[in-house]
Amino acid sequence: MVCLLRIIAEGDEMNENNKFVRLLKELYPNTLIKKIVYVICIVTILLLLLTSNLVSVWTYRLLKPELQHNLSVLTGAVATKTSYILHQNTQYLLKLMNNETLLSDAVQYLDSAGSEAQNVGREQIISGLTEEKMGEGQPGAICSTRNAILIVDWKYAFSKDSLVGCSELIFKSPWYSKLSDDMQQTGGYEENGRRKRIYSPVFSSDSVLDTEEFISMAMLNCTQGHDFLFILIEPFDDFRQLFQDFLDADISDFCLIGNEEKILFQNQEESYFGQMESGMLNTLFVDDQYAVNLLETNGHTVIGTRISYQAEQLKLFISLPNKKLLQPYRTFSRLIMIILFVFSIFLIGAVIAILNHSLNNLRKLSVQMQNVRGGMMCVSKNISGRDEIGMLADTFYEMMDQIEANIKKIKEQEQKEKRVEYSLLLSQIDPHFIYNTLNTITYLAELNRPKDITIINESLTSMLRDRLKMTKLQIYDSLDNEKKQLLSYITIQQYLCNSELSLEFHISSECENILYPKNVLQPLVENSILHGILLHRDENNVLFPGHIEICIYSDRDKIITKIRDNGIGMDQEQIKEYFGDIPAGTQEQHSDTQQHIGIYNIRMRLDYLYGEMFCIWAVPCPDCGLEIILEFPPQIPVL
């Protein structure tokens, strides 16, 4: 690395244009301070990196038995609570399956098919599917709610009205399709003679069917020549309140595993359970209920426990990265690292302070020269003395004063030229507008309409008073003032168009308080009137009523202005002629026709204000007319 820096430092002048090369040259250890600081920093960083790794390893090895024990205890507690709900679910279904009255009502319902008594029997069956709630309102109790659906001979379903949505989700699910095949083949029993109890995956909430998240368990009773399938419906919130203990311990990867190692519920989208091999799973889930087994694999601590009887085949899986096991003890590790870091900083600071005592002035002068080289022309004159370094600093300061004075003069001259040119652009609009306004006043005078002339004069006076602000280079104004001036202009133009002209103004709420470039809207509206609305006449040369709509809103850090009229519109060649790029310095060739003065001035003024961050274009309206679109950033630049 040092050899590379030396080669770059001694390279030719072509390397001066490479920023990366210049940065490496700045880092080259060509001073005593840099060399010493580099050595200390490298040694310190290596020491900190080595220590940080060792601290984590030592802490984990020291606390590993205690951490894993705490995790196992937590898992066992959650498993015990969950098993309580599972036991109550089984007892609830067994109670329904052994309800002779309920089964007899179901058989009688099937025998009375097609009769009026069948409807009455259905209500009796549904009333027999009683809801069960436990723990509600009891502090510290495990709360659970159970309902059931009865399916007879796999065709007739009985459930409360509130469970209709849940029933539809169950009947459409792949779980139910596999359930019906499995249960009918075995008669609802396992090979060892135990009654099958099959849990479903968690059903998500459905706003269309008005269902909350729930889980189901199915048991089959074949008696009296019929198949009675009982499906339990339980809100999954009953389980979530138990799993909250994991979340409180910052454990996010846990799963509820069912028959054939199928995931019934997983808390996060991708669980480490999917990476477990079948051999590990066999070791993790032993036959003993509540036995908590722990394995370490690929930097993870995984725990598995069986939370139900063999018939239910329900298991709980937890995975936690080893790094997370140390999370409660990170304060201890951080404290050690902070002590080492503070000691390292103190050591580096002490060495630098000793070196600065003898080389302080030279270092400051070197830093100031590097800042000037980087474009920072403001230099603090804090170096003095009668030695060679002091004399060099005095000469450098005198040179910088002279350079700063020259730069200030150049900037002032450029600013004056820019303001003069901007004022000229504004003045180019005034004769065109005043000329049209005076023609309108003359026209009204010929019609002997003094009141209308007074209205026009007041509007013209308001606009000229606003123009005085621009002579003082008030470049921006509020949209409210711009709207008032534009309404004054429309008032004048309404007389010219025999009141067949209207203006509609829409300003979005986020744009109400922004500053807007002055006198930009009026030339664009004038363009819409002169080249669109005034030319829109019928076969009898009667002017169509003109309408102009202005919309100003914000979109993606841009201020969008749209001016739409219902004039004759423009074809693509005309749009290109009016709104295409007009090269600078070509204004004279259009001054006689006055076709491009307004658009040209707007383009040039906005170019001064925003550079390349603005654009203006036009598109034909679908029916008739033209839409002019102006886009520029909301930030107000400084002229």
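The values are calculated or read from the model by the stated rules, or taken from the named source; none is laboratory data. Small disclaimer: the values here were computed from a predicted structure and weren't measured. All Cβ positions, glycine included, derive from the backbone under ideal geometry; neighbour counts span all protein chains shown. SASA here: full protein model, heavy atoms, side chains in, ligands and nucleic acids out. Shrake-Rupley method; radii C 1.70, N 1.55, O 1.52, S 1.80 Å.
For a quick check of your reading of the model, give me the residue pairs whose first member lies in segment 80-94 and is closer than 14 Å to residue 238 by Cα, whose second is part of a helix (DSSP H, G or I) and open to solvent by less than 50 Å² (accessible area, probe 1.4 Å), with beta-carbon atoms closer than 8 Å and at least 6 apart or on different chains.
81/242; 82/239; 82/242; 85/238; 85/239; 85/242
Could you list, in sequence order, the residues of segment 281-290 that are in contact with a Gly (Cβ under 9 Å, 6 or more places away or on another chain) and either part of a loop (DSSP other than H, G, I, E, B) or surrounded by 14 or more Cβ atoms within 10 Å (Cβ to Cβ) (or both)?
The answer is 281, 284, 285, 286, 290.
Taking segment 370-413 only, how many residues are in a helix (DSSP H, G or I), of a type outside the set (Phe, Trp, Tyr) and at pLDDT 70 or above?
Count: 25.
How do the helices (runs of 4 or more DSSP H) wholly within segment 1-119 filter down when requiring 2 or more residues that are at pLDDT 70 or above: which remain? Please lay out each step first, then the result.
On the way: elements: 2-9, 19-27, 32-97, 100-111.
The qualifying helices (runs of 4 or more DSSP H) are 19-27, 32-97, 100-111.
List, please: which pairs have Cβ atoms under 8 Å, are six or more places apart or on different chains, and start with a residue in segment 600-617 that is over 16 Å from residue 634 (Cβ atoms) and end with one that is hydroxyl-bearing (Ser, Thr, Tyr)?
605/422; 608/422
I need the full set of residues from segment 134-151 which are touching a Phe, Trp or Tyr at 6+ places or on another chain (Cβ under 6 Å) and either assigned to a helix (DSSP H, G or I) or closer than 21 Å to residue 107 by Cα (or both), in order please.
Scanning segment 134-151 gives 148, 150.
So, in segment 134-188, exactly how many residues are in contact with a Cys (Cβ under 6 Å, 6 or more places away or on another chain) and among the charged types (D, E, K, R)?
Number satisfying all stated conditions: 1.
For segment 424-448, which positions are farther than 16 Å from residue 485 by Cα, open to solvent by 50 Å² or more (accessible area, probe 1.4 Å) and either at pLDDT 55 or above or part of a helix (DSSP H, G or I) (or both)?
424, 427, 431, 435, 438, 439, 442, 443, 445, 446, 447, 448
Just name the residue that is surrounded by the most Cβ atoms within 10 Å (Cβ to Cβ) out of those in segment 261-272 that are free of Cβ contacts under 8 Å to residues at least 24 places away in the same chain and over 24 Å from residue 84 (Cβ atoms).
268
Check 526, 500 and return the single one that is more than 21 Å from residue 631 (Cα to Cα) and at pLDDT below 85.
The unique qualifying residue is 500.
Residue-by-condition table, conditions (1) open to solvent by 50 Å² or more (accessible area, probe 1.4 Å); (2) β-branched (Val, Ile, Thr); (3) assigned to a loop (DSSP other than H, G, I, E, B); (4) under 21 Å from residue 173 (Cα atoms):
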| position | (1), (2), (3), (4) |
| --- | --- |
| 217 | no, no, no, yes |
| 220 | no, no, no, yes |
| 227 | no, no, no, yes |
| 234 | no, no, no, yes |
| 245 | no, no, no, no |
| 274 | yes, no, no, no |
| 279 | no, no, no, no |
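Can you tell me which residue within segment 616-636, out of those that are within 14 Å of residue 557 (Cβ to Cβ) and open to solvent by 30 Å² or more (accessible area, probe 1.4 Å), is modelled with the highest pLDDT?
Ranking the qualifying residues of segment 616-636, first place goes to 631.
With (1) crowded, with 16+ Cβ neighbours inside 10 Å; (2) modelled with pLDDT under 80; (3) of a type in the set (A, V, I, L, M) as the list, and residue 468 as the residue in question, which single condition is left unmet?
(1)
Within the set of pairs 6 or more residues apart or between chains, which connect a residue that is within 16 Å of residue 157 (Cα to Cα) inside segment 216-235 to a residue that is surrounded by fewer than 18 Cβ atoms within 10 Å (Cβ to Cβ) and of a type in the set (D, E, K, R) with Cβ atoms less than 6 Å apart?
Here the result reads 226/153; 227/153, each pair linking segment 216-235 to a residue that is surrounded by fewer than 18 Cβ atoms within 10 Å (Cβ to Cβ) and of a type in the set (D, E, K, R).
Name the residues in segment 141-185 that are more than 46 Å from the chain's Cα centre (by Cα) and free of Cβ contacts under 8 Å to residues at least 60 places away in the same chain, would you?
Once the filter is applied, which keeps residues that are more than 46 Å from the chain's Cα centre (by Cα) and free of Cβ contacts under 8 Å to residues at least 60 places away in the same chain, segment 141-185 yields 155, 156, 157, 158, 181, 182, 183, 184, 185.
Can you tell me which condition residue 512 does not meet? The list is (1) over 39 Å from the mean Cα position of the chain (by Cα); (2) loosely packed, with under 13 Cβ neighbours inside 10 Å; (3) of a type in the set (Asp, Glu), and all the others hold.
Evaluating residue 512 over (1) over 39 Å from the mean Cα position of the chain (by Cα); (2) loosely packed, with under 13 Cβ neighbours inside 10 Å; (3) of a type in the set (Asp, Glu) leaves (1) as the failure.
Tally time: how many residues in segment 293-314 are surrounded by fewer than 22 Cβ atoms within 10 Å (Cβ to Cβ) and part of a strand (DSSP E or B)?
Matching residues across segment 293-314 total 7.
Any residue in segment 187-208 that is surrounded by fewer than 15 Cβ atoms within 10 Å (Cβ to Cβ), among the hydrophobic types (A, V, I, L, M, F, W, C) and in a helix (DSSP H, G or I)?
No, the conditions are met nowhere in segment 187-208.
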